[in-house]
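*Asks:* Below: one structure in C-alpha cells.
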Amino acid sequence: MKKIIALLLCLLMIVGMVACATNTDNNDQTDGSQDTTPATENSDSSDDTNGNDGDVVTITYSYWGTPDEAASVQAVADKFHEEYPNIKVEVMAIPNEEYVTKLNTMATAGQLPDCGIMNESGVLDFASDGLLYDISAMYEGADSMPLDSITFKSEGKPVAYSAANEVLSLYYNKDMFDAAGIEVPTEWSFEEFREIARKLTHGEGDSKVYGMFFNSQQDLLYPFNYFSVQTLGGDPLYHADGTANVNDPVNVAAIELVNNMMNVDHTAPTHTDSVTQKLSQEGMFITGKSAMTIGPWMVRSIKDRDNYPHDFKTAFAPYPTIDGVRTYTQGGYGDHLCINPKSKHIDAAWEFMKWYATEGMLPLTSGGRVPSANTYDSVEVTEYFLKGAEDLLDAETAQNVLIVPASNHAVPSITTKLPEINKVLTEELENIYTGVKTVQQGMDDAQARAEALLAK
C-alpha cells in the first residue's frame, strides 16, 4: 500500500492536461497528441511554490456548483494557502448547467482559469478534439501503472485524474424497509430488486407510495448506466475495440428492468408522469413517496433540514446486477482535474492539484464527494460524510457501500462521440418508456444510429 501511495503522489505531480483551448492554438495537433514534456520545462513560469520565499502567486480554480458549495471549496483553498503561503487560490464558481459552455467561451477569449475540474462530458469533448494532455509519458520507467480508479482514459490514453467519486448506490428509506421486515442483501439480482420494490409499493392516487423513483425527468441515462455498468464496467456503450455496444444483452436487460417497473409493475412513476408532474427526488423520496431512489447528489438535500424536514434514516445499497454477481466495483465518474497549459503559473497549479487530490478535499466529503485517492482513511471519510446528519444517514452502509469501495472503480476507456451517442440513446429511451417502441426495437435502433455516428 505504501508503495502505491508513493507512486500515486509521484504521478500526480506530473499529471497535466488541457481543460480546453482555442482551435487556433491547436491546429498542428490534429492527431490528438501533445508534448509530454514535464510542465516545469514546458512553462515560462518560475513560481516559487515551496512556501519559503518570493511573492504570492494567485491562481484561479474553476468549479461547478451552488454558492454554498463554492464557499466550501474556497475554504479548502484557504487551507492550502496556510500550508503553501506563496500560492493563493481563487475559486471561480460556475453553475452546473453553464460550466462547459462558459469554459469554451473563456477559451475563445484567451481567459481560461489556471486549473479546474471537468465532468466526463466536458473531458470527452475536449479529448475528442485533441485538447487534453496525453500523460502516457508519466508511465515510462514506472514499476507499475497507476490505479485505473484514478485515471480517465480517452481512446486508451490516460488524459485526466479523477479526484472524487460520484459513488454509484441506491438510497433507501431504512425505516420503510425495517417496517416491512426487508433486509437489503449485500448482493442482489434485478429480479430480487424488482420484487422488493413490489413489496414496498402501496396505496392509490395522491397517497400512493412507490418502491422506487428513477428521476427520469432529470436524465434518462442515469438508471440505464447505473444498472448496466455494474456488469459491463467502465462505459457500457462500447466494445473494447471502440465499436458500439449499445444493444448488448446487459444493456437491454437494464432497460427492460426500468421499463417493467415503470409501465408493468407500476412500482415507479412512469416517465410521462415524472415529466408532466415535474416530480423531483426531494418531493418523492424525502417526503416518503418512494422507498428507494438513485444518488449520489441527494446527500446535500437530505442534510438540508430547513428545506427538506424529515426524521427517517437513509441507508445505502449497491446497485443490483443481472445475476447478483458484479464485475464492477462501486464507484463512478467524478471531479476530473484539469490544468490550463497556457497558464502563467503551471507549477503552482500543479502543486494545488496534487495537494487537493491527496490531502485537501476531505471537508468536501460532507457534501457527498468521496475522495478517489487511497491516501484517505475510510473511517475519517465516513465521519465527514455523515457530518451534520448523523441521525439521518446510516453510518454502517455509508462506509461499506460508499466509502470503502470508492478507491477501486472503473472509468470510461472509450470515449469516441459519446455526447452524440448519449443524445441518440436518450431519444430512443424516451420512445421505449412512452410505448412508441419495444425495448429491443428501441435499443436496436439506438445501436444502428450509434454505428452510423462512429462510421463518420
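The numbers here are math on the coordinates, done by the rules we state, and not lab data. All figures in this text were calculated on a predicted structure; none of them were measured in a lab. Here the Cβ is made from the backbone with ideal geometry for all residues, glycine too, and neighbour counts use every protein chain on show.
*Asks:* Using 10 Å bins from zero, what percent of all Cα-Cα pairs in the range 341-387 falls into each bin?
*Replies:* The percentages, shortest bin first, are 27, 42, 22, 9.
*Asks:* Hey, another quick one. Kindly give the semi-axes, whole Å and largest first, of the ellipsoid equivalent to the range 169-250, taking each as the square root of 5 times a Cα gyration tensor eigenvalue. Don't jump to the answer; show the numbers that get you there.
*Replies:* Working: eigenvalues 183, 48, 20 Å².
Whole-Å semi-axes of the equivalent ellipsoid: 30, 16, 10.
*Asks:* Once amide H atoms are placed 1.01 Å from N in the peptide plane, what residues at a sequence separation of 5 or more from ILE94, or on another chain, have their amide H within under 5 Å of its amide H?
*Replies:* TYR63, TRP64, GLY65
*Asks:* Now for a separate question. Order of THR287, THR321 from fewest to most other C-beta atoms within 10 Å?
*Replies:* So the ranking, lowest neighbour count to highest, is THR287, THR321.
*Asks:* Could I ask something else about it? Over all distinct Cα pairs, what is the inverse of the mean 1/r for the range 210-359, reported as the Kirkwood hydrodynamic radius in Å?
*Replies:* Numbers: mean 1/r = 0.0553 Å⁻¹.
Over the range 210-359, the inverse of the mean reciprocal pair distance is 18.1 Å.
*Asks:* For the range 240-294, what value does the Rg/Rh ratio take when both radii are computed over Cα atoms and Rh is the Kirkwood radius, given to two decimals?
*Replies:* 1.12
*Asks:* I've got another one for you. Mind checking which of TRP188, TYR172, SER162 is farthest towards the positive end of the range 160-199's charge dipole, using Cβ charges of +1 (Lys, Arg) and -1 (Asp, Glu) about the Cα centre?
*Replies:* TYR172
*Asks:* Starting at the first residue of the range 65-76, write each ³J(HN,Hα) from the Karplus equation 6.51 cos²θ - 1.76 cosθ + 1.60 with θ = phi - 60°, in whole Hz, x for Gly and Pro.
*Replies:* So the Karplus estimates, Gly and Pro as x, are x, 7, x, 4, 5, 4, 5, 5, 5, 4, 4, 5 Hz.
*Asks:* Rank these for me by crowding, ILE87, ILE302, going from fewest to most other beta carbons within 10 Å.
*Replies:* So the residues, fewest neighbours to most, are ILE302, ILE87.
*Asks:* I'd like the per residue volume of the convex hull spanned by the Cα atoms of the range 276-385, given in cubic angstrom.
*Replies:* Residue-normalised Cα hull volume stands at 202 Å³.
*Asks:* Per 0.36 nm of contour for each residue apart, how much would the distance between THR426 and TYR222 grow if the chain were fully extended, relative to their Cα-Cα spacing?
*Replies:* Stretched fully, the THR426-TYR222 segment lengthens by 72.4 nm.
*Asks:* Hey, another quick one. Can you give the FRET efficiency to the nearest 0.05 for THR375 and LYS456, using r as the Cβ-Cβ distance and R₀ = 45 Å?
*Replies:* Step by step, r from the Cβ atoms, then E = 0.60.
*Asks:* From the phi angles alone, apply the Karplus equation (6.51, -1.76, 1.60; θ = phi - 60°) to the range 96-103 and give each ³J(HN,Hα) in whole Hz, x where the residue is Gly or Pro.
*Replies:* Listing the rounded values in order: 3, 6, 9, 4, 5, 4, 4, 5 Hz.
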